[in-house]
Amino acid sequence: MVALSETSKAPGGSGVLDRYGLLQAGLWSLRTGPALILVLLVLVVGFTTPVFLTTRNLGNVFSQTSVIAVLALGQLLVIVTRGIDLSVGATIALSGVVGAIVYEDTGSSVLVIAAILGTGLAVGAVNGLVFVYGRVPHAFIVTLATLSIVRGIALWASDGTLISGMPPIVQTIGGGSINWIPYSIFVVIGLALACFVLTTRMVWGRWLYAVGGNEEAARRASIPTRRVLVTVYVLSGLAAGVGGLITAGLIDAGSPTAGDLAELDSIAAVIIGGAAFAGGRGSVANALVGAFTIGVIRNALNLHNVDAFYQLMAIGLVVLLAVEADVLRRAIEARVQVAQAVRQG
Amino acid sequence: MTTLLDTPMDATRADTPALTLNDAHKRFGAVVALDGISLDVHYGEVLALLGDNGAGKSTLIKCLSGVHRLDSGSVEMDGVPVAIHAPSDARALGVETVYQDLALFDNLRPTDNFYAGRELAGPAWVPRSLRFLKRKRMTESTREVLERLQVSLPDFHTTVGLMSGGQRQAVALSRAAAFAAKVVILDEPTAALGVRESRRVLDLILRLRTENRAVIVVSHAMDHVMEIADRAVVLRRGRKVGELVPSSETYTEIVSLIVGGGE
């Protein structure tokens with residue numbers, strides 16, 4: 001809103017200024033839109049459904065949303081670079097299955113956690129290396145392939161069945177809570193803070209947005225674009241590993257069907273959070289807002305005993321709205337450019 | 001490398017050219033792009049590089065900025081032979097190039113555009129990518145440079161994508177000027193701009209000259225060349241066919257050299 005007061009000082013026709021201010025205000029509301037919508041959603045659901053704001057239910061919301069939120073953090077980095085990671089859901093399954101097998105064989109909780117996170121890292125590394133060094137035009141194809149491969153390995157390694165048993169520490173991370181606040185939400189907070197610092201305070205974050213905004217220019221500016229891209233997928237894989245850890249702890253098992261369609265949830269969260277598929281845009285805070293928007297909608301519909309089918313449709317509708325908001329933003333931005341040129345004269 | 005516009009100019013440098021190119025040759029397969037071109041440019045001078053399409057202007061500036069390598073010939077800076085094999089070499093030597101596409105990051109603010117790939121960050125013992133940005137220092141020095149070059153942006157914190165063509169050109173030019181201790185190369189700086197915006201960019205180029213930079217401008221806009229260039233080198237089919245001072249008297253001569261009327 002600062003822009004509004006600044007424009008009033010500039011010389012020129014007042015009609016243009018008003019228009020410029022109006023456009024700036026439009027951009028501002030689109031930027032803060034996701035957060036406002038989430039607040040509104042919480043208020044509406046809170047008023048219409050008293051159960052919603054009870055600590056027990058909020059604990060549920062946090063617990064159910066934590067995996068989506070963790071995945072969304074990784075997916076955010078990927079989408080900022082114009083990519084997409086479809087393999088995160090399958091990676092949740094494989095990392096859980098690998099963890100369960102390691103636990104059966106060794107009984108060591110340290111090794112189980114290392115195996116789960118390591119599986120995520122490995123899948124991410126494969127995605128990144130094949131995408132970048134295999135010169136594949138878009139990560140969609142690569143991660144679609146690894147989705148299939150990884151899910152296949154998870155089913156093969158587990159004989160298609162649930163492998164029960166997770167170390168107590170993993171169970172606590174995934175399913176435990178302090179009073180009503182689940183531990184998993186602390187994992188989300190920790191990762192989100194790390195992600196925030198990485199993307200906004202560190203050199204790597206600048207490189208990330210530079211690569212997402214203009215890869216060719218980034219290369220010319222001697223930014224190591226390939227390394228940045230590989231790292232993005234490795235981090236998304238790691239996030240999926242953390243998602244796998246929480247999921248395995250929650251169900252106290254490694255399940256080859258866990259995380260089914262979780263990739264879509266994470267992509268939806270990032271898009272609802274206002275990131276652009278065209279790349280270069282998106283923030284940690286808004287990705288979390290997107291994840292919780294999905295979580296709150298699901299929870300509210302659950303509380304009202306609405307069929308899961310309708311939940312799918314509702315989430316889909318919200319994604320469409322978010323994409324349209326992005327289209328609107330582009331249109332406004334083009335006009336700001338013109339207004340800018342007119343004003344300068 | 002991170003000294004912004006404040007390199008002290010010693011008097012002795014005035015005599016020696018900032019950049020000298022000797023007998024440059026470059027071919028792409030059977031096509032001879034540069035055929036024995038020599039030129040120099042001094043501090044505080046604007047050198048126009050003229051020629052029809054395919055004359056070798058682009059190849060020449062790409063060789064000077066490290067995108068292409070010369071087949072033979074030498075480059076000297078301040079009279080000392082240098083090797084320019086990559087864009088980073090050119091930058092390290094104080095040569096910055098603004099291409100027609102500007103190479104801006106539309107999603108970033110001017111400051112981040114200025115420092116992309118050369119962020120000020122610390123501490124030094126941490127791997128470069130994990131260093132913490134010195135955001136305040138970068139913002140302040142960017143603001144200083146823009147003020148000094150009299151570039152007025154309506155909102156300093158707006159992303160470059162929201163700026164007009166002239167403003168974007170000004171940001172790209174100031175970025176090059178800020179980091180080019182010696183030579184700024186501009187490829188068609190006014191090609192995509194309207195009259196008013198061209199005016200601002202031309203003024204900006206003249207200010208670079210005042211700041212004692214050596215400026216090489218590739219342009220088709222003859223009236224702009226006439227106005228800002230101290231010297232013009234005309235290329236034709238990879239050869240230097242003329243070098244003169246642009247003025248109303250030499251105008252027709254320059255044009256005929258460009259189109260090859262003398263042949």
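Values in this text are rule-based calculations from the coordinates and carry no lab data. Note that this is a predicted model, so its numbers are computed, not measured. Note that we place each Cβ from the backbone using ideal geometry, even for glycine, and neighbour counts take in every protein chain shown.
Descriptive notes on the structure:
- Put simply, the Cα atoms of the protein assembly as shown extend 89, 59, 42 Å along their principal axes, the longest span coming first.
- At full extension, A:S108 and A:L22 could sit 24.9 nm farther apart than now, given 0.36 nm per residue minus the alpha carbon distance.
- Set of lysines near B:K57 by C-alpha distance (under 24 Å), chain-local residues within fewer than 8 positions excluded: B:K26, B:K182, B:K240
- One decimal place: the segment A:F196-A:V327 gains 44.6 nm when fully extended, by the rule 0.36 nm per residue minus the C-alpha distance.
- Residue with peak Gaussian network fluctuation, chain A [Cα springs, cutoff 10 Å], from A:G274, A:G190, A:G152: A:G190
- Nearest 10 degrees, 0 to 90: helix B:165-179 Cα axis against chain B principal axis: 80
- Note on chain A: GNM, Cα springs under 10 Å; of A:T48, A:T172, A:T199, the largest mean-square fluctuation is that of A:T48.
- From its DSSP helices (H runs of at least four residues, each -39,500 (n - 2.57)), the protein assembly as shown gives a residue-normalised ellipticity at 222 nm of -19000 deg cm²/dmol.
- When +1 charges are put on Lys and Arg Cβ atoms and -1 charges on Asp and Glu Cβ atoms, the dipole computed for chain A relative to its Cα centre reaches about 1300 debye.
- For chain B, relative contact order (Cα pairs under 8 Å, six or more residues apart, normalised by length) works out to 28 percent.
- Interatomic Cα distance distribution for the stretch A:26-109, bins of 5 angstrom, percent: 3, 11, 11, 15, 15, 15, 13, 8, 5, 3, 1, 0
- Among B:R237, B:R213, B:R131: highest mean-square fluctuation, GNM of chain B, C-alpha pairs under 10 Å: B:R131
- Against chain A, whose longest principal axis is taken from its Cα atoms, helix A:14-48 shows a tilt of about 30°.
- Debye intensity ratio in log₁₀ form over the Cα atoms of chain B, taken at each q of 0.07, 0.11, 0.15 Å⁻¹: -0.25, -0.61, -1.11
- 10 Å Cβ shell holding at most 16 others, DSSP loop, chymotrypsin sites (Phe, Trp or Tyr not before Pro): longest site-free stretch of chain B: B:1-124
- With 5 Å bins from 0: P(r) over the stretch B:168-225, alpha-carbon pairs, percent: 4, 19, 35, 27, 12, 3
- Under 15 Å, Cβ to Cβ, from A:I79 - net charge with Lys/Arg +1 and Asp/Glu -1: -3
- Tilt relative to chain A, helix A:109-133 - C-alpha long axis, 0 to 90 degrees, to 10: 50
- Within chain A, the longest segment free of exposed loop sites, counting trypsin sites (Lys or Arg not before Pro) that fall outside DSSP classes H, G, I, E and B and have at most 12 other Cβ atoms within 10 Å, spans A:136-345.
- Among A:V187, A:V327, sorting on how many other beta-carbon atoms sit within 10 Å of each Cβ, with the fewest leading, yields A:V327, A:V187.
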